[in-house]
Each structure stands twice: as C-alpha cells, then as structure tokens.
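Please read the structure below before turning to the comments.
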Amino acid sequence: MPREAITSGDVPLSHLPFSPAVRAGDLVFVSGQASVDDTGAYLEEDFEGEMDRSMQNVARILAAAGARMDDVVQVRSFLGDITYRDEYNRLYPQYFTAPLPARTTVSGGISTLKFEVDVVAYAPRRGDDGSR
C-alpha cells in the first residue's frame, strides 16, 4: 500500500525526522503533537493551554489530509504527570464527539511537556464534490 506524507497546508513545522502525518489508504496517522507554534518552538503553558494547542495542531494536520476530528478512531495521549489525569478527562470531550475514539493514556516520561497526543483517523479520500 503506498504511503503519502502530509506536509503541506496549514501544518506546524518540525525540525525532527518525521512526517507530521502519513496517509496509508483510508487511514491517516498523525505524529505526536505538543504545544508548538508554526516554527516548531515549544510554547509552555498550563496543562489546559498545552492540551488545547496540541489538539488544534492535530486538527490542522487532519484538515491538510482532508479529515476532521470526527474522523479520529484512535487517540494516544501522553501526560507529563499523572496529576493531570482528572483535568485531561474533563477536557477530552471538548475535542471528540460520540462515539468517542478508542484511547490509550500514559503518564510521565515526556521531558518538560505537559501533554502530547497522536491520533489515527479513518478518512477515505473525498471526491471532487466533497463526498466520500
């Protein structure tokens, strides 16, 4: 199956050796997104701010691939500390609609970041009329 890197459009830059996302057939795999600006610089904020910026980066990358947050089927989240768990669970439903995506959450071990997330979306290519 051919793979296609998603690197154009409104996609934040990274200086690390990976694609922001890769499309493989009807699936879009978005690499881990943290609270970074368009140049790839880390923007330290409170947990809610870092989670929001990370999720907005995911949404921008999905849009560049012709997908939406509603297309996400798998979420893997990394919390900088277990103490963020309750806040994460409170904020999470703001980004996804039912049925909620499958989810894995891990805490600790991500350096100074408070939050990082990667997702997988089911997003068949759209036709010229916008249909799938």
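The values are calculated or read from the model by the stated rules, or taken from the named source; none is laboratory data. Every value quoted in this text rests on a predicted model; they were computed, and no experiment measured them. No Cβ is skipped: glycine too gets one built from the backbone with ideal geometry, and neighbour counts run over all protein chains shown.
What to note about this one:
- For segment 90-110, the criterion of being part of a helix (DSSP H, G or I), buried (at least 17 other Cβ atoms within 10 Å of the Cβ) and out of contact with any Cys (no Cβ under 8 Å at 6 or more places or on another chain) is satisfied by at least one residue.
- Scope segment 85-123; condition aromatic (Phe, Trp, Tyr) and either more than 14 Å from the chain's Cα centre (by Cα) or within 20 Å of residue 46 (Cα to Cα) (or both); matching residues: 88, 92, 95, 115
- Hits in segment 1-30 - residues which are outside any loop (DSSP other than H, G, I, E, B) and either under 15 Å from residue 63 (Cα atoms) or at pLDDT below 95 (or both): 3, 4, 5, 6, 21, 22, 23, 27, 28, 29, 30
- Residue check for residue 74: part of a strand (DSSP E or B) and not acidic (Asp, Glu): yes
- Just one residue in the set 64, 121 is under 18 Å from residue 5 (Cα atoms), touching a strand residue (DSSP E or B) at 6+ places or on another chain (Cβ under 7 Å) and at pLDDT below 95; that residue is 64.
- Matching residues in segment 33-49 - criterion: being of a type in the set (A, V, I, L, M) and either in contact (Cβ under 8 Å) with a residue 24 or more places away in the chain or assigned to a helix (DSSP H, G or I) (or both): 34, 36
- Matching residues, segment 50-68, being in a helix (DSSP H, G or I), in contact (Cβ under 8 Å) with a residue 40 or more places away in the chain and closer than 22 Å to residue 98 by Cβ: 51, 54, 55, 58, 62, 63
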